[in-house]
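Taking it in order: structure first as structure tokens, then the write-up.
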Amino acid sequence: MSHLEAEREVEAFPRAAVGRHIRRRDHFVLLLKQSWLARIGVSIVTIALFLTVFGPYIAPYDLIAATPDIYESPSTTHFFGTDGSGFDIFSRVIAAPRYDVTIALVATILSLVLGSMLGLIGAFFRGWTGELLMRGSDSVQAFPLFVLAIIFVIGAGRSLINIVIIIALLSVPIFLRLIRSEVLSLRERAFVESATANGSSRMRIAFRHVLPNAMVPGFAQASITMGYAIIIAAGLSFLGAGVQPPTPEWGSMIAGGANDIINGRWWISIFPGAAMALTVFGFAIVGEMIQTVLLRRT
Amino acid sequence: MLLEVKDLSIEYGSVGAPNHGVCAVSFSISEGEIVGIVGESGSGKSSAMLAVLGLTREGGRIVNGSVRFEGQELLGLTREEWRAFRGSSIGLVTQSPRAALNPVRRVGEQIAEVYRSHRKATKAQARERALELLRLVGINDPERRHDAYPHELSGGMAQRILIAIALSCTPKLLIADEPTSGLDATVQAQVLDDLRRVTREVGSSLALVTHDLGIVANYCDRVYVMESGEIVEESDVESFFARPAHPASLALLSKQQDSQDEALRLRGAPLDRIVLPSGCFLHPRCPFADQASGCMTEHPPLYDIGAGHRSRCHRHQTVRDALPSRYASA
Amino acid sequence: MQAPSKPILEVRNLVKHFPLRGTSHVVHACEGVSLNVLPGETLGIVGESGSGKTTLGRCILRLIEPTSGEIIFEDVDITKLGRRQLRRLRSDIQIVFQEPLDSFNPQLNIGYQIAEPLLVHRYCNKAEAKRRVGELLGLVGLPEDFENAYPSGVSGGELQRCSIARAIATNPKLIVLDEPTSALPPGTEDEVIAVLRDLQEKLGLSYVFISHDLLLVRSLCRRIAVMYLGQIVELGERDTIFGNPRHPYTRALMASVLFPDPTQRRQAGQRGEQLEGEIPSPIDLPDACYLAGRCPHVRDRCREELQELTEVEPGHWVRCWRSAEGELTYHGPDSLPMERDQGGPS
Amino acid sequence: MKTLILKRLCFVLPQLVLVAAVVFVLLRILPVDPVDRIAGQFATPELRAQVEEELGLDRSLGTQLGSYLAGIFQGDFGTSWLTSDPVREEMVERFPLTLQLITLAFFVALAIAIPLGRASAAREGSRVDKAAQSYSLFAGAQPDFWWGLMFLFLFFFKAGILPAPLGVLTPGRQAPDEITHFILLDALIRGQLGVFVDALRHLALPVITLAFVLTGPFTKMTRQSVLSVSKSEYMLYADATGLSERAMKRSLLRNGLAPVLTLAAIFFGFLLGGAALIETVFTLNGLGLYAVQRMLVVDFPAVQGVVVWMTAFALLMYLIMDLLYAALDPRVRYSE
């Protein structure tokens, strides 16, 4: 995998005349100014986060109360139409981030924290502890992870917490490898040796010098993992192994309309799917932006 | 004259607001000659020499000038013509030999491949040629080295492989761009000795790009000093080392001459090349700069100071007298 | 002339082997190095890459744990110190690394990093530390507002001066300089050397100056140790090493110096000091002279016994039996050896 | 090279045992009771005990695990609790479909991504490059199951050019007699061109859907890798030695594609399980769908079998890719 990691250079954005001295915040703003892709990404993520907090409150219809209008195509009363139970799709689409984005966010943060801790341990304990950790994480990579997730969620019960736990666990190896390799390379850097030569304690070196630098690629990866986490969460619900209907959640809404598609009732699946696709795309763009800004080599 | 470069200019950056790269550089190399091109890093010496091969790094553009090789104008060649020319008429040896070799192919194959790109030869003939070249550049056990991969070679060995590649089609001119800067002292001397020996054996000229005046003094016949993308001094080696006539040359010498004379040193780091100062490009750092001589206002021309020795310094006389002449003979 | 003072640092028989992962082989980085540093002097350590000079420098601070040997700093054997005491010792011995940009944490400003040793050693409180940082920056010739700069925004030469400022923050007595100028652009090398000279004069520092650049070592050091494959092969005063080198390796090294002087042009092979090939890998070295495979003066005995560092004249040590027993004598650095068994003029 | 293979094989077996053990234990510690589901919630204790004995659940966990692992080594994955058929046979029946689906998707994705990535790298900074990059970013972040539905709507419902998502053959059409279990191959071997075309038409949409999502990371990787090779010192040097155009292109491909292959192997392993979604959308009776369906009815032997089978296959892919990489890049051979 090392050759993969070495190639981790991102260039989806214009290589502007970015001087070495430019600050990260300014660089971010510069990207926004120069790239429409960046503007799209940031707008999507902003809207998604806004809806995560306020979505359920601004939804025009009750989320799980059936209206008499069944299978109504999009109109001015129901922007995105209604489904077989008479639910207003628009309301449910904008309320869904409350579940999807929250699941992804919590899972990503959990796996980032867990993965970095394990990565740090894996790098600092080079003996059998570290070896075992790495072998374990290697084995996990060969696992059919999605099947594992299905097994876990169905077996342990389709609760939100279980979904979050399994998605977090699936992403841990990514962060573990990333942080570990980063810490290993940082340990060889002269500034860490310098700190040792200064008489700094090992704790100080680990938490003041090594970890903050190692976390930089971790944060960049986190935004990308966010997008995947949304897809996995929705995929689980789509298979009936996730959030259960009638909870407003994109995956289960798509599943609910799957059979209607071939009967021409396209709106039931299309709108939640499009919302999700856009959201994931948005997080992917922002992830690239963060990578561009954070991983800028000086 | 084997190679004649006139008013060669290279720009970097965007077309609207170009960075100053190399400006109006002229130099020449005759047959059998070893010429040194010296300067601090970033002085434009490598760019100028790469441009002779029609190559630029990082989106540079050759905007002006003429490069004549054996009387033929090179700028304006088509892609295919360039391809046929490079490697067969001029060979190149670069700074980091291990990076310049394809990491996934055997070195012998790489030599043979270049040979076959320019000469009609069967695989077996090309292999023979590769082995012959390995022997020529002083590699013991060429059969074994032929099958080695670049990462298995030491720096000195890899540099010899590059020399073998550069010489594969017996070019008239060899450009060696800092050929030894990554090597240890004893290896550096060996490689340079071998480089001089083989160019003599095959009858090529050699352009030696370096920042080390020690190399120039020991191996070159003539020298060009570059600074801020310009040639600031040119001379034959004896006259140059006897009485260098430009502050940039003095600065390069001061480090190696055990002289601790603060007064002769340039101040500060090389300047940002986006905005160059008026007058002499060097004046903000120059200990000799002087209002009365026009250093701040007038860009100096290349003053001819006799016997082919030229200096781009208004105060070249003062500069020449600054160093106690160590070699009174010249 | 002062009476020879007591050394501030004494390294005795230092050995460092790095085990090769997954094999029983070891890399011989240091193989019985002994030397001392006097107060206020600069000891130069020269050698090619792979000679173990960098490992030696790291061992002196115990950034790398030596395999065996003693390192005595002011009467204390620092190889025996516990972790606590070792940390305290590090306010007395400091190091400057080759790559300035790499020696600073990219996320913290320079001022903080210069102050770090002060704060770690509870040398003073935060306000005083801030004042001291300004003072230190002044000492290395930089303006005070550098403390707010970040490492990536500063030139290589300036940053290297900052790392010198950091090294002298706790008033150390000895500084190991590990190729402090070889990663800098040529123009900025001089300023760093000037700062080092200046500080030595002002603060009476002792330096261990590690370099591969013979000309630089000659201009800066009073005594010089030449290393080859983890061993010191020759040690002596600067003028002895440059004027009358006795070890074949030192002589080859000297012969390879390219002086910027066309009247002393090097002619290939002329001096008879060329070594065969390149420095071998320091794995599994023979119980013989390490240079035997490359030396132009090799005899059977060289391939049979390990060489001892012998004092051939006061203060001049050579690790070569032929030289020690007077079989090889030279007159000046450029002359060919006079070999007794060939009956040359004596 | 041989030692490399042996070394890797030494790791593969323990990994496989570990994975089998983990999934076995996981299924048994999860709070779902198979006896409940099979005997019914209101079964008498006698019936429960009988079911328990039939399923072998009355023995200790260790014994169960031991005999399961021993069985796997003899190629016996146990019998399904649902159908009482050997799990191995059920998997052999379904796996070829999944494999055909994924393999086709990979070929399509690589056939699009490699030229696109190369074109993008060759014109770095141009509009083409930016478009290609935006596309790869977009495609790489898409839910494949939703796109499957979209394509269905467009090509089946609206345009009517592709068949309904009901399996791999039009209902009523006879599958060829099995030789390889790969329906496309079997149809060709038997000379049943009609069946071949029909299967291909049914596979077209799922393949396109998967390939679309895969082109994202593949294009990005190709671009990056080709770019870093073409900017490398050795390509500049090759240019300076006047190396022939053909030789330059060969270097670019050989040096640039190795990382893409590794990435492909990783995705291949990942997609074995991930294909469950697409198989569901198109009602393709593959291994992924099988796993989901059997988990829903608590058929533990079937689920275990799928996990072990997929892991083994993924490990095999990694091994092949590693060897391929080692063949392409000598540096790997020596660092092992």
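The values are calculated or read from the model by the stated rules, or taken from the named source; none is laboratory data. Everything numeric in this text was worked out from a predicted model, so none of it was measured. Cβ atoms come from the backbone with ideal geometry, glycine included; neighbour counts cover every protein chain shown.
Points to keep in mind about this one:
- Of all residues making up segment C:1-23, the number that are surrounded by fewer than 13 Cβ atoms within 10 Å (Cβ to Cβ) and touching a residue at least 40 places away in the same chain (Cβ under 8 Å): 1
- Residues within segment D:10-57 that are within 14 Å of chain A (Cβ to nearest Cβ) and either of a type in the set (Lys, Arg) or farther than 23 Å from D:VAL87 by Cα (or both), tallied: 5
- Considering segment D:277-336, and only residues there that are modelled with pLDDT under 85 and acidic (Asp, Glu), the residue that is farthest from the chain's Cα centre (by Cα) turns out to be D:GLU336.
- Filter result for the condition that a residue is under 11 Å from B:LEU173 (Cβ atoms) and either within 13 Å of chain D (Cβ to nearest Cβ) or not polar (S, T, N, Q) (or both), over B:GLY59, B:GLY91, B:GLY87, B:GLY36: B:GLY91
- Of the residues making up segment A:231-250, those that are more than 8 Å from chain D (Cβ to nearest Cβ) and either in a helix (DSSP H, G or I) or more than 20 Å from the chain's Cα centre (by Cα) (or both) number 9.
- Selection within segment B:196-209 - in contact with a helix residue (DSSP H, G or I) (Cβ under 7 Å, 6 or more places away or on another chain) and either among the basic types (Lys, Arg) or within 10 Å of chain C (Cβ to nearest Cβ) (or both): B:ARG196
- Top-ranked residue of segment C:24-81 - restricted to ones that are within 24 Å of A:ASN198 (Cα to Cα) and of a type in the set (Asp, Glu), ranked as surrounded by the most Cβ atoms within 10 Å (Cβ to Cβ): C:GLU41
- No other residue among B:SER47, B:SER41, B:SER26, B:SER96 is surrounded by 23 or more Cβ atoms within 10 Å (Cβ to Cβ) and hydroxyl-bearing (Ser, Thr, Tyr) apart from B:SER47.
- Check on C:PRO100, assigned to a loop (DSSP other than H, G, I, E, B), within 19 Å of the chain's Cα centre (by Cα) and more than 12 Å from chain A (Cβ to nearest Cβ): no
- Any hit, segment A:272-282, residues being of a type outside the set (Phe, Trp, Tyr), at the interface with chain D (Cβ under 7 Å from one of its Cβ atoms) and without any contact (Cβ under 8 Å) to a residue 40 or more places away in the chain: yes
- Taken over segment B:130-187, the criterion of being of a type in the set (Ser, Thr, Tyr), closer than 30 Å to B:ALA51 by Cβ and more than 14 Å from chain C (Cβ to nearest Cβ) is satisfied by B:SER168, B:THR170.
- Hits in segment C:29-85 - residues which are in a helix (DSSP H, G or I) and of a type in the set (Ser, Thr, Tyr): C:THR54, C:THR55, C:THR79
- Taking every residue in segment D:155-172 that is more than 13 Å from chain A (Cβ to nearest Cβ) and pairing it with any residue that is surrounded by 11 or more Cβ atoms within 10 Å (Cβ to Cβ) and of a type in the set (Asp, Glu), at least 6 positions away or on another chain, the pairs with Cβ-Cβ distances below 8 Å are D:LEU169/D:ASP198; D:THR170/D:ASP198.
- Total residues in segment D:125-154 satisfying the condition of being in a loop (DSSP other than H, G, I, E, B) and either crowded, with 17+ Cβ neighbours inside 10 Å or more than 12 Å from chain A (Cβ to nearest Cβ) (or both): the figure is 4.
- Boolean, A:TYR61 is modelled with pLDDT of 75 or more, outside any loop (DSSP other than H, G, I, E, B) and closer than 30 Å to A:PHE238 by Cβ: no
- Test result for D:ALA275, within 9 Å of another protein chain (Cβ to nearest Cβ) and more than 23 Å from A:GLY155 (Cβ to Cβ): no
- Among (1) touching a helix residue (DSSP H, G or I) at 6+ places or on another chain (Cβ under 9 Å); (2) not in a strand (DSSP E or B), the one test that B:ALA51 misses: (1)
- Residue check, D:MET310 under 30 Å from A:ARG158 (Cβ atoms) and without any contact (Cβ under 8 Å) to a residue 60 or more places away in the chain: yes
- Among the candidates C:LEU108, C:LEU101, C:LEU142, the residue that is on the phi < 0 side of the Ramachandran plot and either touching a Gly at 6+ places or on another chain (Cβ under 9 Å) or not hydrophobic (A, V, I, L, M, F, W, C) (or both) is uniquely C:LEU101.
- Single match in A:ALA149, A:ALA104 (criterion: at pLDDT 90 or above, of a type in the set (A, V, I, L, M) and under 26 Å from D:PHE268 (Cβ atoms)): A:ALA104
- Here is the figure for segment D:290-306: residues that are within 14 Å of D:THR98 (Cβ to Cβ) and facing chain A (nearest Cβ under 9 Å) total 3.
- In the condition set (1) surrounded by fewer than 21 Cβ atoms within 10 Å (Cβ to Cβ); (2) within 14 Å of chain A (Cβ to nearest Cβ), C:ILE175 is compliant with all but (1).
- Residue check, A:ILE254 modelled with pLDDT of 85 or more, among the aliphatic types (A, V, I, L, M), in a helix (DSSP H, G or I) and crowded, with 24+ Cβ neighbours inside 10 Å: yes
Table: residues versus (1) in contact with a Leu (Cβ under 6 Å, 6 or more places away or on another chain); (2) among the aliphatic types (A, V, I, L, M).
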{"residue": "A:PHE219", "(1), (2)": "no, no"}
{"residue": "A:ALA222", "(1), (2)": "yes, yes"}
{"residue": "A:GLY227", "(1), (2)": "no, no"}
{"residue": "A:ILE230", "(1), (2)": "no, yes"}
{"residue": "A:GLY242", "(1), (2)": "yes, no"}
{"residue": "A:PRO246", "(1), (2)": "no, no"}
{"residue": "A:ALA255", "(1), (2)": "no, yes"}
{"residue": "A:TRP267", "(1), (2)": "no, no"}
{"residue": "A:PHE271", "(1), (2)": "no, no"}
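- Within this structure, B:ALA217 fails the test of being more than 12 Å from B:VAL35 (Cα to Cα), within 14 Å of chain C (Cβ to nearest Cβ) and aliphatic (A, V, I, L, M).
- Taken over segment B:229-248, the criterion of being part of a helix (DSSP H, G or I) and within 10 Å of another protein chain (Cβ to nearest Cβ) is satisfied by B:VAL237, B:GLU238, B:SER239, B:PHE240, B:PHE241, B:ALA242, B:ALA248.
- Considering only residues in segment A:109-153 that are within 14 Å of chain D (Cβ to nearest Cβ) and outside any helix (DSSP H, G or I), the one that is surrounded by the most Cβ atoms within 10 Å (Cβ to Cβ) turns out to be A:PRO144.
- A:ASP100 within 13 Å of another protein chain (Cβ to nearest Cβ), closer than 28 Å to D:LEU287 by Cα, within 14 Å of the chain's Cα centre (by Cα) and part of a helix (DSSP H, G or I): yes
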